[in-house]
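Here the structure comes first, spelled out in structure tokens, and everything after it is commentary.
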Amino acid sequence: MQTLQQCIDQIAIFDSHEHLISPKAYTELQPDIITALFGVHAYIQHDLVSTGCSYRTIDAFLDQQNTNIAARWALIEPYWLACQYTGYAEAVRIAAHILYGIDVIDGAALQNASSLQTQYQGVSGYQRAIAMAHLREIQVDAFTWQPPNTSEVPSLLYDLNVQTIVDGSVVFDVLATHTSVAITTVQEYRIALQTLLRMHATAVVAIKTQHAYTRTLAWNPVDDADCEHAFEKHRSGVPLSPHDAIVLGDWALAVIVRQAGILDIPIKIHTGHHAGNGAMPLEWLSPRLLIPLVKAFPDTRFICMHIGYPYHDELLSMAKHYANIFVDLCWAWSIDPVTTSDFVRRWIHTVPVTKLFGFGGDAFLPTQTVGFAAQARTWLARTLQTEVDAGLLSTSAATAIARALLSENQHKFFRRS
Ligand SMILES: [Zn+2]
């Protein structure tokens with residue numbers, strides 16, 4: 001009989017969140033072994049920095065012009081040794097093992113394996129990495145309205161990113177040109193936003209916003225008259241105060257969320273922990289701040305990303321109560337795998353299992369997604385095995401839940417024809 005791990009390894013994951021660079025950009029990058037594991041916004045850099053490593057040292061470590069891999073590794077080794085057990089580091093260790101057969105990462109191991117990297121370069125290397133991660137479809141947030149042309153990798157699907165609209169920094173002229181709608185009044189701004197969503201409705205899988213990086217998630221209703229002041233200031237190029245930016249953003253978010261409900265496009269919202277270092281205001285990030293919005297627009301489906309860590313408990317209650325709240329474990333397995341495991345166990349016994357999406361690596365390079373995907377599979381198997389061992393689930397129920405979380409829930413939810 002198959003183990004839970006073996007069963008989970010065979011599931012082609014429906015990956016609901018990555019930031020993968022395009023195959024064209026990847027080809028131009030020609031990542032070496034260090035870039036493949038540690039480069040291009042890799043989260044492990046943030047643990048290295050929180051350990052005390054400087055950005056200058058990380059830049060030198062990632063400098064592909066220097067082909068002395070062992071010397072580059074020596075720059076960060078003390079910091080790596082300090083953070084090697086975190087979830088981010090675990091995903092790097094797993095990727096190094098799967099991609100290059102490395103058991104213990106050090107300068108010699110990376111130097112010896114560096115010639116293997118050629119098989120993970122170019123479009124074929126990109127596809128090879130995706131195949132090794134065993135992903136069925138991959139939803140990518142490229143931080144744009146207009147998805148790149150990635151027809152050479154058909155498993156890539158795209159979100160429509162609206163962060164600049166929600167944080168009030170959108171350039172009206174750019175939106176007006178993109179939508180062919182002049183934006184001289186608040187009413188015309190509404191039409192431009194509605195047009196933006198209609199233009200991309202059939203091409204995108206979801207709307208995405210990570211405005212929790214630039215403002216609070218707290219939302220209040222704003223009518224057209226109360227938006228006028230901030231709108232006119234922004235239109236005439238006067239810098240917005242944080243309050244004005246939130247007024248303009250809250251007004252626009254309501255337009256987007258209403259239109260998303262009409263067009264039946266789900267909206268993904270970053271909740272919880274920030275990537276990076278030295279800039280995270282925890283008071284902006286709690287999922288509970290979204291409740292007025294979720295309540296005001298019951299016909300729109302909201303996906304709270306990253307389990308709102310470290311406010312994940314709120315989401316058990318919110319997703320149990322609100323029919324239009326769904327939760328994504330994307331990035332959570334690597335931020336804090338133990339807490340995420342516990343969260344999944346509690347979810348199973350608290351919230352309908354159909355409302356949870358099991359994986360997104362949140363990575364920029366497919367070689368890094370290989371590590372995140374295997375990490376999620378391992379921790380999910382461990383989590384469900386614990387439930388079986390405790391007599392709380394049968395093995396067949398655990399297997400069914402794994403399939404729901406890694407594939408079936410997303411397939412039904414996103415309903416692409
Ligand atoms: Zn992300």
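Couple of notes before you dig in:
- Listed by position, the helices (runs of 4 or more DSSP H) enclosed by region 1-83 that each have at least 2 residues that are within 16 Å of the ligand (Cβ to nearest atom) and under 23 Å from residue 334 (Cβ atoms) are 44-50.
- Verdict on residue 361 being within 16 Å of the ligand (Cβ to nearest atom) and without any contact (Cβ under 8 Å) to a residue 40 or more places away in the chain: no
- Beta carbons closer than 6 Å, at least 6 apart along the sequence or on distinct chains, pair a first residue in region 251-279 that is more than 19 Å from residue 409 (Cβ to Cβ) with a second that is assigned to a loop (DSSP other than H, G, I, E, B) and within 16 Å of the ligand (Cβ to nearest atom) for 256/162; 270/210; 272/285; 272/309; 273/309; 274/280.
This table checks each residue for (1) more than 16 Å from the ligand (Cβ to nearest atom); (2) under 22 Å from the mean Cα position of the chain (by Cα); (3) surrounded by fewer than 21 Cβ atoms within 10 Å (Cβ to Cβ); (4) among the charged types (D, E, K, R).
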site	(1), (2), (3), (4)
203	yes, yes, yes, no
215	yes, yes, yes, yes
218	yes, yes, yes, no
240	yes, no, yes, no
278	yes, yes, yes, no
287	no, yes, no, no
291	yes, yes, yes, no
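- Enumeration of residues in region 221-246 that are without any contact (Cβ under 8 Å) to a residue 40 or more places away in the chain and either in a helix (DSSP H, G or I) or among the small types (Gly, Ala, Ser) (or both): 224, 225, 226, 229, 232, 233, 236, 237, 241, 242, 243
- In region 390-408, the residues that are more than 18 Å from residue 136 (Cα to Cα) form Cβ pairs under 8 Å with partners that are acidic (Asp, Glu) and surrounded by 15 or more Cβ atoms within 10 Å (Cβ to Cβ), at six or more places apart or across chains, as follows: 393/387; 398/387.
- One residue alone among 350, 354 is part of a loop (DSSP other than H, G, I, E, B), touching a helix residue (DSSP H, G or I) at 6+ places or on another chain (Cβ under 9 Å) and among the β-branched types (Val, Ile, Thr), and that residue is 350.
- Among the residues making up region 259-276, a single one is away from the ligand (no atom under 16 Å from the Cβ), among the β-branched types (Val, Ile, Thr) and crowded, with 22+ Cβ neighbours inside 10 Å: 265.
Just so you know, all these numbers are worked out from the coordinates, no wet-lab data involved. If you're wondering where the values come from, they're calculated on a predicted model, not measured in any experiment. Counting neighbours? That spans all protein chains shown, and the Cβs are built from the backbone with ideal geometry, glycine included.
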